[in-house]
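A short write-up of the structure that comes next.
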């Protein structure tokens, strides 16, 4: 194998250094700066994207806070509307109940008056009938005619007890 020949070692080492120097020069002046530029652009793009993401996150947080505030305000307004409607319904129900109570009270008092009038009429009719029956019974039983005033006084005395 020619690589292991000691006579050619000095030439091989010389060309090794020359090729290494040329490759080092080409890499340091041409290839590595381009790679560095690509890496810098990539880093800048990443930083820009992170900045945009932070800005969008801040906007999103602000929108969420605004939404939650609007939602809370809407809930409060709905609760107030419900409370107002229930109070209005309760007041309306109270008015209707009061009107019904008045109407029923009037009907009750009218009915009581009608009952009292009917009782008075019935009692006066009973008193008259009792007086008439007492006169006829007296006439048939003992054969004495009793005047209407006397029979009325006797019935009134008995009813008054």
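The values are calculated or read from the model by the stated rules, or taken from the named source; none is laboratory data. Small disclaimer: the values here were computed from a predicted structure and weren't measured. With ideal geometry, Cβ positions are generated from the backbone for all residues, glycine too; neighbour counts draw on all protein chains shown.
I need every pair where a residue in the stretch 1-15 that is loosely packed, with under 10 Cβ neighbours inside 10 Å has its Cβ under 8 Å from the Cβ of a residue that is modelled with pLDDT under 85 and assigned to a helix (DSSP H, G or I), sequence separation at least 6 or different chains.
2/8
Looking only at the stretch 123-142, count how many residues are more than 15 Å from residue 152 (Cβ to Cβ) and surrounded by 12 or more Cβ atoms within 10 Å (Cβ to Cβ).
Residues of the stretch 123-142 that are more than 15 Å from residue 152 (Cβ to Cβ), as a first pass: 139-142.
With the extra rule that they be surrounded by 12 or more Cβ atoms within 10 Å (Cβ to Cβ), the set shrinks to 139.
So the count comes out to 1.
Looking only at the stretch 133-147, count how many residues are over 17 Å from residue 123 (Cα atoms) and either assigned to a helix (DSSP H, G or I) or in contact with a strand residue (DSSP E or B) (Cβ under 8 Å, 6 or more places away or on another chain) (or both). I'd like the intermediate steps shown before the answer.
Initial filter on the stretch 133-147 (over 17 Å from residue 123 (Cα atoms)): 135-147.
Retained after the next criterion (residues that are either assigned to a helix (DSSP H, G or I) or in contact with a strand residue (DSSP E or B) (Cβ under 8 Å, 6 or more places away or on another chain) (or both)): 135-142.
The total comes to 8.
Within the set of pairs 6+ apart or on separate chains, which have a first residue in the stretch 61-88 that is without any contact (Cβ under 8 Å) to a residue 40 or more places away in the chain and at positive phi, a second that is part of a helix (DSSP H, G or I) and surrounded by 10 or more Cβ atoms within 10 Å (Cβ to Cβ), and C-beta atoms under 9 Å apart?
Note: no pairs meet the criteria.
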